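Asker: Structure provided below as structure tokens; questions to follow.
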Amino acid sequence: MNNFIYETPTKVYFGKGEEYKVGKIIAEYHPCKVLIHYGGKSAKESGLLDRVKKCLEEENIAYVELGGVVANPELKLVREGIALCRREGVDFVLAVGGGSVMDSAKDIANGAANPDVDVWEFSLGKCAPEKTLHKGAILTLAAAGSEMSNSCVITNSETGEKRGYNCSNNRMDFAIENPELSYTVNPYQTACGIVDIAMHTIERYFCPGEDTYLTDAIAEAVIKNVMKAGVDCLENPENYEARANMMWASSLAHNGLTQCGRECQLVVHQFEHEVSGRYPDIAHGAGLAAIWCSWARYVYSANINRWLQYAHNVWNLEIDFEHPEKTVEKAINQQEQFYCSIGMPVNLKSLGVERQSLEKLALDCSRNKSRTLIGYKPLGYDDILKIYEMAYE
């Protein structure tokens, strides 16, 4: 087991009606003014935004609003939010929504607190934010896990780049998680969430590291239970227990717990970021589903014992010791069939990706052939292009 640091400073308020505490929670930080950051019309039409504002008003907390976050949060709106914060003297950012809203809020908080740095430089890895504003989240969608993660992913629509960066300043001070707020999430976005939550853990499961059997057991439980809860959510969108288990899995899958003792790089996420950066209408979870099985088929032979463990412990398959590759291939096929069963794509072509763009995607993912993605099987430009080609059809 590798050395690791496990840090989870985010305080979680979980359960029915917890959003009504938001005013009192934020009051503990003694803010001058709060930015309420959200996405589209659902926050307004559901009445959640009005409830949040009422809670702040009851505590005499001033606020301003900024909506308009899209599925792949854009740098342009982040810059607008930073300018608004500086102009209005905002010192607390409250995200009301899903992962895109939270990532946008994180970047705004970092940019506003570091006025001498162009916020995009954080995404490019040129520097890290030295400070940040206090921030919290009211979660309305179980998927990205941004409510407890140290990551932030932003899209620069001018360049077609989608970049993520990790740092402790990306952690939320608190997250309010009421599963009832996710009842209205449509089936497609629910399915995207199932994929994203599971993938945060599946990717960590296949990162290099040995003798992590406790971490493995936690990871396997998260993967299996989010798939079960997700199917139950699709069958009955107002199944509270299913929504609750899916929402809690979202937080556990991306807060570092399922990677303890392993070397972490989310390789398939790197593939997908290039796709949805160039095709911003593609939902992140859908892009992951379209790529993962091809990546799996390309890399599994580099550590077949790890994949046999996954096949047995996650998919309950008996191992064929004479032909172990058949067991692994069966597990990958079953995961692919699961994606199909919940309405997720299993190739890039069905998402509208053009074949002629694959080489450019591979160049960008490999940083113009200068980056190798780490893992049991390191992936350079040629490998990356081959996986994109396999994932196309």
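Asker: Largest first, what is the accessible-area ranking of Glu57, Glu180 with a 1.4 Å probe?
Answerer: From most accessible down to least: Glu57, Glu180.
Asker: Would you rank Thr140, Thr184, Thr372 by solvent-accessible area, highest first, keeping every protein chain in place and using a 1.4 Å probe?
Answerer: Thr184, Thr372, Thr140
Asker: Keeping all protein chains in place, calculate the accessible area per residue for the chain (probe 1.4 angstrom), answer in Å².
Answerer: So the chain comes to 42 Å² accessible per residue, rounded to a whole number.
Asker: Protein chains only, probe 1.4 Å: how do Arg262, Arg86, Arg297 rank by accessible area, largest first?
Answerer: Solvent-accessible surface, decreasing: Arg86, Arg297, Arg262.
Asker: About the Cα centre, and with charges only on the beta carbon of Lys, Arg (+1) and Asp, Glu (-1), how big is the dipole of segment 265-393? Nearest 20 debye, please.
Answerer: Dipole of segment 265-393, to the nearest 20 debye: 320 debye.
Asker: Same structure, new question: Compute the distance from the alpha-carbon center of segment 268-347 to that of segment 206-247, in whole Å.
Answerer: Answer, in whole Å: 16.
Asker: Could you give me the radius of gyration and the Dmax of segment 232-361, taking only the C-alpha atoms into account and expressing both in angstrom?
Answerer: Just the Cα atoms of segment 232-361 yield Rg and Dmax of 16.5, 46 Å.
Asker: Please list 3J(HN,Hα) in residue order for segment 37-43, calculated via the Karplus relation 6.51 cos²θ - 1.76 cosθ + 1.60 where θ = phi - 60°; whole Hz, with x for glycine and proline.
Answerer: 10, 8, x, x, 6, 5, 4
Asker: While we're here: Any idea what the alpha-carbon Rg over 2.2 N^0.38 Å comes to for segment 1-47?
Answerer: 1.69
Asker: Calculate the dipole size of the chain relative to its Cα centre from +1 charges on Lys and Arg beta carbons and -1 charges on Asp and Glu beta carbons; express the result in debye to the nearest 20.
Answerer: Computed about the Cα centre, the dipole is about 500 debye.
Asker: Divide the volume of the convex hull of the Cα atoms of the chain by its number of residues and quote the answer in cubic angstrom per residue.
Answerer: Measuring per residue, one finds 128 Å³ for the Cα hull of the chain.
Asker: On to the next question. Return one number: the angle in degrees, 0 to 90 and rounded to the nearest 10, between the long axis of the Cα atoms of helix 304-315 and the longest principal axis of the Cα atoms of the chain.
Answerer: Rounded to the nearest ten degrees, it is 60.
Asker: So what is the 222 nm mean residue ellipticity for the chain from helices alone, if each DSSP H run of at least 4 adds -39500 (n - 2.57) and you divide by all residues, rounding to the nearest 500 deg cm²/dmol?
Answerer: The helix-only estimate for the chain comes to -15000 deg cm²/dmol at 222 nm.
Asker: Something else now. Would you pull out the residues with amide H under 5 Å of Phe92's amide H, same chain only if 5 or more places away, H placed 1.01 Å from N?
Answerer: Sorted by chain and number, the residues that satisfy this are Lys33, Leu35.
Asker: Same structure, new question: Going down the list Lys11/Lys228; Lys76/Lys162; Lys349/Lys386, which pairs span over 19 Å between their C-alpha atoms?
Answerer: The answer is Lys11/Lys228.
Asker: Also: Lysines near Lys224 by alpha-carbon distance under 20 Å, same-chain residues fewer than 8 away left out - which ones?
Answerer: Within reach: Lys330.
Asker: Apply the Kirkwood formula to segment 181-303: the hydrodynamic radius equals the inverse of the mean of 1/r over all pairs of different alpha-carbon atoms; give it in Å with one decimal.
Answerer: This gives a value of 15.0 Å.
Asker: Tell me, what ³J(HN,Hα) does each residue in segment 208-220 have, in order and in whole Hz, if you take phi through Karplus 6.51 cos²θ - 1.76 cosθ + 1.60 with θ = phi - 60° and put x for Gly and Pro?
Answerer: These are the phi-based 3J(HN,Hα) values: x, x, 10, 6, 10, 5, 6, 4, 4, 5, 5, 4, 4 Hz.
Asker: A further question follows. Sorted by average packing, counted as other Cβ atoms within 10 angstrom per residue and highest first, what order do 265-275, 65-75 take?
Answerer: Descending packing order for the listed peptides: 265-275, 65-75.
Asker: Where the accessible area of segment 1-122 is counted over protein heavy atoms with a 1.4 Å probe, how much of it, in %, is carbon and sulfur?
Answerer: Carbon and sulfur together cover 48 percent of it.
The values are calculated or read from the model by the stated rules, or taken from the named source; none is laboratory data. None of these values were measured; they are calculated from a predicted model. Virtual Cβ from ideal backbone geometry, glycine too; neighbours counted across all protein chains shown. Heavy atoms of the whole protein, side chains included, go into the accessibility calculation; ligands, DNA and RNA do not. Shrake-Rupley method; radii C 1.70, N 1.55, O 1.52, S 1.80 Å.
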